[in-house]
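The values are calculated or read from the model by the stated rules, or taken from the named source; none is laboratory data. Note that the structure is predicted; figures quoted are calculated from it, not measured. Neighbour counts run over all protein chains shown; Cβ positions are idealised from the backbone, glycine included.
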Amino acid sequence: MAIVTLIRPPSVVGRFALTLNRTPPLSIAYLAGSLSAAGHEVQLIDAVGESLQAMHPGYRPSILVNGLSVREIVARIRADSQLVGISCLFSHEWPLIRELIDAVATRFPDLPIVCGGEHATAVPDLCLADAPALRACALGEGEETVVDLVGAFTGHKPLAEVPGIVFRGPDGTVRTAPRARIRNVDEIPAPRWDLTPIEGYLENGFSFGVDRGRTMPLLATRGCPYQCTFCSSPKMWTTRYSTRKPALVVDEIEEFVHRYNAENIDFYDLTAIIDREWILEFCDLLDARCLRITWQLPSGTRSEALDEPVLRAMYRSGCRNVSYAPESGSERTLHAIKKKVKLGRLEESMRAAARVGLNVKANILIGFPDECESDLRDTLRFILRMARLGVHDVSVWTFSPYPGSELFDRLSATGRLGRLDDDYYASLLSYSDVSGAVSYADALDSNQLQRYRLAGLLLFYGTSYLTHPLRPVRSLYNIATRRYESRMEMSFGNLTRRLKSAASKAAPEAA
């Protein structure tokens, strides 16, 4: 048996970002479950959950850090730990994680440190070069890899025999054989929520979706079969898409209700619904349990299986919020980014979802490298149609070239990105920060892109509120009372709390 410390780092967020950054640590809870099943002892440090209200200045003036400080994290690491694993899911967190790696190594110079997640998977050689104390990067799905890494660092096998890693060898970095995806996802050990500060999230309404009471996160599927060029999922997960048995998903929900008094479930899946029969079976089983919960799909999902009978079954079983991911209203752009979606079919599904009583959100992404103003005008027209259809919310994000994506590789190869320094990592946060945009489109400068983003938001909400005049009143009431119904309401509430927390911390320092 080994003693392993897993660290979920603080959340790094744009000062004016309309995002929800306080979410339970699903990834390291799963890793802890696999390590525990293999007989190891796990210390889990959730830097966000252990200091939910703390806000610190980030590595750039436009950035805030939510959670424990680096010094506080290092102070919590057990002295008898034999391996430290740090999760780096988002590339904009890397400068902070690099600092954390250095601080851990300073206090524990002989303690092996490994890193996993989408950033480590996308650019492992860069991570090892940037952080001299980092011993290895785990690529892709981590449950089996982390168990093998413990065996390697405790002397049971050489690192070179661990599939799916890049490690620091005597003559440079070494990439081992690829690791196959886990085929039977139903056999993956359950997340160890008991090792996390989960009650803080439950009590305070912090989750990925809309606050509808005590909310637990859940994965019903793994991976995504599509290959959108702006997404790093194909490199992280490959295009293998696996679903859990609906009955086992409902079993997990029932356990959350009994153990944690859960009132709502957030599905964190990359692509939650593809199979019509799967979702209908899930809804029927959930109905039969009479658990009296709500559930939501806060990540953007596909529309092909979501016709009106399916949407009615979802609502009947407790679904209240659903997000779609059209990304663009331009057919030319959709083809260029390999987004296989039919806008007409999508509009029918969104109209039906609103009709059956679901709160509907749509995700739009603008500023792709090949886009021009005519594409953005098509997207504005699509945004207008969504408002008229009854869609409740829209996010208008701007494209950022994320490591691991096809477009990142293309922009890197053409010299468009240059050096991946802290300015680059900070720029990735502009996608959700309403105070400004960074353009990677040859035909659009950053100011133009920002104007189109603001125009999209104003067009959508102006039209939505004119055609549904009670909505703005209800939204203001919900924001004031923190009884949210939509992601927009919760995002504005979260932004207000974030800025107040940052201001209260800055006031004593200025004094």
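Key figures for this structure:
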{"read-out": "Members of segment 146-189 found to be loosely packed, with under 12 Cβ neighbours inside 10 Å, within 24 Å of ILE3 (Cβ to Cβ) and small (Gly, Ala, Ser), listed by number", "value": "GLY155"}
{"read-out": "Of residues in segment 191-226 being among the polar types (S, T, N, Q) and in a loop (DSSP other than H, G, I, E, B), the one nearest to SER87 (Cα to Cα)", "value": "THR196"}
{"read-out": "Strands (runs of 3 or more DSSP E) contained in segment 1-100 and holding at least 1 residues touching a residue at least 40 places away in the same chain (Cβ under 8 Å) and under 30 Å from GLN450 (Cβ atoms)", "value": "11-14, 55-57, 63-66"}
{"read-out": "ARG181 vs. criteria of a type in the set (Lys, Arg), within 22 Å of SER36 (Cα to Cα) and assigned to a loop (DSSP other than H, G, I, E, B)", "value": "yes"}
{"read-out": "Check on ALA136, aliphatic (A, V, I, L, M) and modelled with pLDDT under 95", "value": "no"}
{"read-out": "Any hit, segment 290-309, residues being of a type in the set (Val, Ile, Thr) and in a loop (DSSP other than H, G, I, E, B)", "value": "yes"}
{"read-out": "Residue check, LEU280 crowded, with 22+ Cβ neighbours inside 10 Å and not acidic (Asp, Glu)", "value": "no"}
{"read-out": "Residue in segment 318-333 that is part of a loop (DSSP other than H, G, I, E, B), of a type in the set (S, T, N, Q) and either in contact with a helix residue (DSSP H, G or I) (Cβ under 9 Å, 6 or more places away or on another chain) or closer than 22 Å to PRO225 by Cβ (or both) present", "value": "yes"}
{"read-out": "Residue in segment 209-222 that is nearest to ASN184 (Cα to Cα), counting only those that are buried (at least 22 other Cβ atoms within 10 Å of the Cβ), under 15 Å from the mean Cα position of the chain (by Cα) and modelled with pLDDT under 95", "value": "GLY209"}
{"read-out": "Helices (runs of 4 or more DSSP H) wholly inside segment 345-462 that include at least 3 residues being crowded, with 18+ Cβ neighbours inside 10 Å, in the same structural domain as THR294 (by TED's automatic domain parsing) and not charged (D, E, K, R)", "value": "373-389"}
{"read-out": "Residue among THR229, THR239 that alone is farther than 23 Å from ASP251 by Cα, part of a loop (DSSP other than H, G, I, E, B), touching an Asp or Glu at 6+ places or on another chain (Cβ under 6 Å) and not acidic (Asp, Glu)", "value": "THR229"}
{"read-out": "Verdict on VAL104 being in a strand (DSSP E or B) and in contact with a strand residue (DSSP E or B) (Cβ under 7 Å, 6 or more places away or on another chain)", "value": "no"}
{"read-out": "Lone unmet requirement of (1) more than 25 Å from TYR402 (Cα to Cα); (2) surrounded by 20 or more Cβ atoms within 10 Å (Cβ to Cβ); (3) not hydroxyl-bearing (Ser, Thr, Tyr) for ALA247", "value": "(2)"}
{"read-out": "Any chance ASP275 is in contact with a helix residue (DSSP H, G or I) (Cβ under 8 Å, 6 or more places away or on another chain), more than 27 Å from LEU20 (Cβ to Cβ) and not hydrophobic (A, V, I, L, M, F, W, C)", "value": "no"}
{"read-out": "Where a residue in segment 436-462 is closer than 11 Å to CYS372 by Cα and its partner, wherever it lies, is among the charged types (D, E, K, R), with Cβ under 6 Å and at least six apart", "value": "ALA441/GLU371"}
{"read-out": "Scope segment 326-344; condition among the hydrophobic types (A, V, I, L, M, F, W, C) and surrounded by fewer than 20 Cβ atoms within 10 Å (Cβ to Cβ); matching residues", "value": "ALA336, VAL341, LEU343"}
{"read-out": "Criterion violated by GLY142 - all others in (1) within 30 Å of ARG320 (Cβ to Cβ); (2) of a type in the set (Gly, Ala, Ser); (3) in contact with a strand residue (DSSP E or B) (Cβ under 7 Å, 6 or more places away or on another chain) satisfied", "value": "(1)"}
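Okay, residues lined up against (1) assigned to a helix (DSSP H, G or I); (2) in contact with a Pro (Cβ under 8 Å, 6 or more places away or on another chain); (3) of a type in the set (Phe, Trp, Tyr); (4) more than 25 Å from ARG71 (Cβ to Cβ):
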| residue | (1), (2), (3), (4) |
| --- | --- |
| VAL114 | no, no, no, no |
| ALA120 | yes, no, no, no |
| CYS127 | yes, no, no, no |
| GLU141 | no, no, no, yes |
| GLU144 | yes, no, no, yes |
| ASP148 | yes, yes, no, yes |
| ARG168 | no, no, no, yes |
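Let's see how each residue does on (1) closer than 23 Å to SER400 by Cβ; (2) among the charged types (D, E, K, R); (3) in contact with a Pro (Cβ under 7 Å, 6 or more places away or on another chain); (4) modelled with pLDDT under 95:
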residue: SER51; (1), (2), (3), (4): no, no, no, no
residue: ALA54; (1), (2), (3), (4): no, no, no, yes
residue: VAL70; (1), (2), (3), (4): no, no, no, no
residue: PHE108; (1), (2), (3), (4): no, no, no, no
residue: GLY117; (1), (2), (3), (4): yes, no, no, no
